[in-house]
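Peer 1: Before I ask anything, here is the structure I am working with.
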Amino acid sequence: MPQRPDTYETVLLAVELLRRIPRSHKITAAELHRQLKDAGLERTERTIQRQLEMLSRHFEIERDDRSKPYGYRWRERAQHLAVPHLTPQESLLLQLAEEHLKYLLPARLMQSMNSFFTQARRNLGGNSNARLEREWPRKVRVVATGQPLLPPTYAPGVLEEVSDALYANQWLDLDYKNASGKHQSIKVMPLGLAQQGSRLYLVCRYEGFDNERSLALHRIRKAQKSTLTFERPAEFDLQRYDNDGRFGFGEGKKIRLKFCIRHEAGFHLMETPLSKDQQVRKLEEGWLEITATVVDSLMLEQWMMGFGDRVKEIHKELLN
């Protein structure tokens, strides 16, 4: 006979279910089971069904039993418990997190947090007393460093499959169309996900290879995570991959860069240097000489070209 969970575990499960039952639509026991599993709470679906039956008898929870699977939701005017303890400050933090982290957290985890995000928005709604917290999102903004672009379109299910496989260290089968229009059916080991402006890139290794490459997520036509898992390479470091300029289309080769730039165009480099060892020398006729150790990349080349004739005498020395 299975051991009954202790009182603490029973109460914890009940509270988590009460938080996650929505008001605007119905949710099934299977959906709640997935949400709790993604949040790290391992319970059987049958246990959740029993809890829902009990909760629907004691709280203002509507159970739609016209067909299976049953659907549950809070009644329209119910004083439900969808995270009632969130303070205005916590609600603000969740609202900002939903906006800025939606692509950087596992898709299933974001989905499992939907009831929290909904309650946070309700706490900061027009009828709340949290006026200052409600105004804050209109007072701050993340601005683009280049020409703003609309985000690309992702094929249905791709982001979910990729983030799930990345989270669980599972192999991915991809149908990928590269920038030249060539289709490939490939099996990859997902190692990292990076957001660059409006785009997302998957860092991965192709099956049978030990080097990393970046794939644009919007060029993945179809993704399917495998049941096979892999041991994450201990030598791979996503931060080092970024520092090596790989997202700027470089190969990690460092150079000693020297160039002259007009004072008005290069003044910002004295406030935000290219590197820690950057040196600036003022020249005559309004020119600056900049010397810095940087990673050579296509992004660096395009950045330099953007100054036009305000930059001259560009020299690159490859470092060992």
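The values are calculated or read from the model by the stated rules, or taken from the named source; none is laboratory data. Nothing here was measured: the structure is a model prediction, and the numbers come from that model. Backbone-built Cβ (ideal geometry, glycine too); neighbour counts: all protein chains shown.
Peer 1: Of the residues that make up the stretch 147-159, is at least one polar (S, T, N, Q) and under 26 Å from Asp237 (Cα atoms)?
Peer 2: Looking for residues that are polar (S, T, N, Q) and under 26 Å from Asp237 (Cα atoms), one finds none in the stretch 147-159, hence no.
Peer 1: Can you list the helices (runs of 4 or more DSSP H) found entirely within the stretch 2-67 that contain at least 1 residues being at pLDDT below 80 and more than 30 Å from Leu166 (Cβ to Cβ)?
Peer 2: Result: 7-20, 45-58.
Peer 1: Considering only residues that are in a strand (DSSP E or B) and aromatic (Phe, Trp, Tyr), look in the stretch 197-216 and name the one that is surrounded by the most Cβ atoms within 10 Å (Cβ to Cβ).
Peer 2: To start, the set of residues in the stretch 197-216 that are in a strand (DSSP E or B) comprises 199-206, 213-216.
Retained after the next criterion (residues that are aromatic (Phe, Trp, Tyr)): 201, 206.
On the way: Tyr201: 18, Tyr206: 16.
The extreme case among them is Tyr201.
Peer 1: So, in the stretch 169-192, exactly how many residues are modelled with pLDDT under 90 and touching a helix residue (DSSP H, G or I) at 6+ places or on another chain (Cβ under 7 Å)?
Peer 2: Counting residues in the stretch 169-192 that are modelled with pLDDT under 90 and touching a helix residue (DSSP H, G or I) at 6+ places or on another chain (Cβ under 7 Å) gives 1.
Peer 1: While we're looking at this one, here's another question. So which residues in the stretch 68-114 are within 30 Å of Val140 (Cβ to Cβ), basic (Lys, Arg) and at pLDDT below 75, if there are any at all?
Peer 2: Initially, the stretch 68-114 is screened for residues within 30 Å of Val140 (Cβ to Cβ), giving 82-114.
Then keep just the ones that are basic (Lys, Arg); that gives 102, 108.
Matches in the stretch 68-114: Arg108 only.
Peer 1: Only one of (1) in contact (Cβ under 8 Å) with a residue 40 or more places away in the chain; (2) surrounded by 14 or more Cβ atoms within 10 Å (Cβ to Cβ) fails for Glu313. Which number is that?
Peer 2: For Glu313, the exception is condition (2).
Peer 1: Can you pull out the residues in the stretch 266-279 that are touching a residue at least 12 places away in the same chain (Cβ under 8 Å) and either buried (at least 16 other Cβ atoms within 10 Å of the Cβ) or under 20 Å from Leu319 (Cα atoms) (or both)?
Peer 2: Passing the criteria: Gly266, Pro273, Leu274, Ser275, Asp277, Gln278, Gln279.
Peer 1: Report the residue count in the stretch 156-186 for those that are of a type outside the set (Lys, Arg) and more than 24 Å from Gln35 (Cβ to Cβ).
Peer 2: Looking only at that region, the number is 13.
Peer 1: Related question: Test Arg262 against the criterion of being in the same structural domain as Arg310 (by TED's automatic domain parsing), farther than 14 Å from Glu317 by Cα, in contact with a helix residue (DSSP H, G or I) (Cβ under 7 Å, 6 or more places away or on another chain) and among the charged types (D, E, K, R), and give yes or no.
Peer 2: For Arg262, the condition - in the same structural domain as Arg310 (by TED's automatic domain parsing), farther than 14 Å from Glu317 by Cα, in contact with a helix residue (DSSP H, G or I) (Cβ under 7 Å, 6 or more places away or on another chain) and among the charged types (D, E, K, R) - is met.
Peer 1: Answer with yes or no whether Glu212 is free of Cβ contacts under 8 Å to residues at least 60 places away in the same chain and touching a strand residue (DSSP E or B) at 6+ places or on another chain (Cβ under 6 Å).
Peer 2: yes
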